[in-house]
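First comes the structure, then the notes that go with it.
The values are calculated or read from the model by the stated rules, or taken from the named source; none is laboratory data. Note that the coordinates shown come from a computational prediction; the quantities given were computed from them, not determined experimentally. Note that we place each Cβ from the backbone using ideal geometry, even for glycine, and neighbour counts take in every protein chain shown.
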Amino acid sequence: MAVLGIGVDMAKISRFEKWAKSDGILHRFFSHEEMEIFKKKNFPSQSIAGRFAAKEAFIKATGFSGQLRNISVVADNVGRPEIILRENASSRFSELNDKKFFVSISHDGDYAVAFVVLTD
């Protein structure tokens with residue numbers, strides 16, 4: 001397994017407190033699946049910031065240039081963060097369909113950080 005790209009991003013959690021109160025802003029950047037996760041958690045800015053940082057890290061790792069809402073950051077069956085490309089993104093970036101994305105998200109104080117590794 002070769003590493004094809006890495007990306008890291010950090011987000012200030014307090015910046016996302018306003019976003020948590022506005023469905024309009026959230027719908028511009030997050031998928032339906034992510035919106036459902038936010039609703040279940042009562043729209044915590046920590047979760048929003050972490051997922052946004054993961055999307056930005058994914059862009060840096062892959063060179064993806066599509067809409068952020070076509071990248072979903074969800075949890076796998078054991079709770080680890082996982083990146084899923086929505087139909088619009090996966091057809092446009094078909095070369096990413098057979099690649100693996102590893103993502104890690106962490107929070108401390110007023111910051112969330114995410115790291116993405118792209119492998120073959």
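Conditions tested, residue by residue: (1) in contact with a Gly (Cβ under 8 Å, 6 or more places away or on another chain); (2) modelled with pLDDT under 90; (3) among the polar types (S, T, N, Q).
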residue: Ala20; (1), (2), (3): no, yes, no
residue: Gln46; (1), (2), (3): no, no, yes
residue: Phe52; (1), (2), (3): no, no, no
residue: Phe64; (1), (2), (3): no, yes, no
residue: Val74; (1), (2), (3): no, no, no
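Quick check on Phe102: is it aromatic (Phe, Trp, Tyr), part of a helix (DSSP H, G or I) and either at pLDDT 95 or above or surrounded by 13 or more Cβ atoms within 10 Å (Cβ to Cβ) (or both)?
Working: aromatic (Phe, Trp, Tyr): yes; part of a helix (DSSP H, G or I): no; either at pLDDT 95 or above or surrounded by 13 or more Cβ atoms within 10 Å (Cβ to Cβ) (or both): yes.
When the stated conditions are applied, Phe102 does not pass them.
Among the listed residues Lys60, Lys55, identify the single one that is basic (Lys, Arg), closer than 20 Å to Asp120 by Cβ and not in a strand (DSSP E or B). Let's see the steps before the verdict.
Working: Lys55 fails: closer than 20 Å to Asp120 by Cβ.
Selected residue: Lys60, the only one of Lys60, Lys55 that is basic (Lys, Arg), closer than 20 Å to Asp120 by Cβ and not in a strand (DSSP E or B).
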What about Glu33, is it assigned to a helix (DSSP H, G or I) and either at pLDDT below 90 or not acidic (Asp, Glu) (or both)? no
How many residues does the range 38-49 hold that are touching a Phe, Trp or Tyr at 6+ places or on another chain (Cβ under 9 Å) and either assigned to a helix (DSSP H, G or I) or exposed (fewer than 14 other Cβ atoms within 10 Å of the Cβ) (or both)? 6
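Would you say Ala53 is within 14 Å of Ala114 (Cβ to Cβ), under 10 Å from the mean Cα position of the chain (by Cα) and of a type in the set (A, V, I, L, M, F, W, C)? Break it down stepwise before answering.
Values: within 14 Å of Ala114 (Cβ to Cβ): yes; under 10 Å from the mean Cα position of the chain (by Cα): yes; of a type in the set (A, V, I, L, M, F, W, C): yes.
It is true that Ala53 is within 14 Å of Ala114 (Cβ to Cβ), under 10 Å from the mean Cα position of the chain (by Cα) and of a type in the set (A, V, I, L, M, F, W, C).
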What about Ala11, is it touching a strand residue (DSSP E or B) at 6+ places or on another chain (Cβ under 8 Å), buried (at least 19 other Cβ atoms within 10 Å of the Cβ), touching a residue at least 60 places away in the same chain (Cβ under 8 Å) and not in a helix (DSSP H, G or I)? yes
